[in-house]
1. Going by the conditions given, is ILE18 at pLDDT 95 or above and of a type in the set (Val, Ile, Thr)?
2. So, of the residues in region 21-46 that are in contact (Cβ under 8 Å) with a residue 12 or more places away in the chain and basic (Lys, Arg), which turns out to be surrounded by the most Cβ atoms within 10 Å (Cβ to Cβ)?
3. Please find, among ILE60, ILE66, ILE3, ILE18, the residue that is touching a residue at least 60 places away in the same chain (Cβ under 8 Å) and buried (at least 18 other Cβ atoms within 10 Å of the Cβ).
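The values are calculated or read from the model by the stated rules, or taken from the named source; none is laboratory data. Being a predicted model, the structure only gives us computed values, none of them experimental. Cβ placement follows ideal geometry from the backbone for every residue including glycine, while neighbour counts extend to all protein chains displayed.
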Amino acid sequence: MMIPHEVVSRIVDGATPIRAWREHLNLTQDEVDKRMGISQPAFAQQETVAKPRKATREKIAAAFGISAIQLEL
């Protein structure tokens with residue numbers, strides 16, 4: 001399981017893993033919330049959570065096309 005250096009660097013700089021991955025994948029919050037079927041404010045709130053629930057991590061990882069384990073930093 002790989003975590004790109006850019007993602008790790010963003011997390012070290014203070015981003016949550018969800019935000020770091022979203023930015024690395026060049027996705028907007030709007031693109032992700034549409035993939036997840038939730039509102040943009042709902043996703044924005046999830047993006048600020050340092051340790052989201054497992055079910056939430058799995059849904060976000062699926063929207064990103066990565067493994068949920070990759071969000072567990």
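1. Details: at pLDDT 95 or above: yes; of a type in the set (Val, Ile, Thr): yes.
Yes.
2. Taking region 21-46 and keeping what is in contact (Cβ under 8 Å) with a residue 12 or more places away in the chain, we get 21-25, 27, 29, 32, 35-36, 43-44, 46.
Imposing the further condition that a residue be basic (Lys, Arg) reduces the set to 22, 35.
On the way: ARG22: 23, ARG35: 16.
The selected residue is ARG22.
3. Values: ILE60 fails: touching a residue at least 60 places away in the same chain (Cβ under 8 Å); ILE66 fails: touching a residue at least 60 places away in the same chain (Cβ under 8 Å); ILE18 fails: touching a residue at least 60 places away in the same chain (Cβ under 8 Å).
Of ILE60, ILE66, ILE3, ILE18, the one residue that is touching a residue at least 60 places away in the same chain (Cβ under 8 Å) and buried (at least 18 other Cβ atoms within 10 Å of the Cβ) is ILE3.
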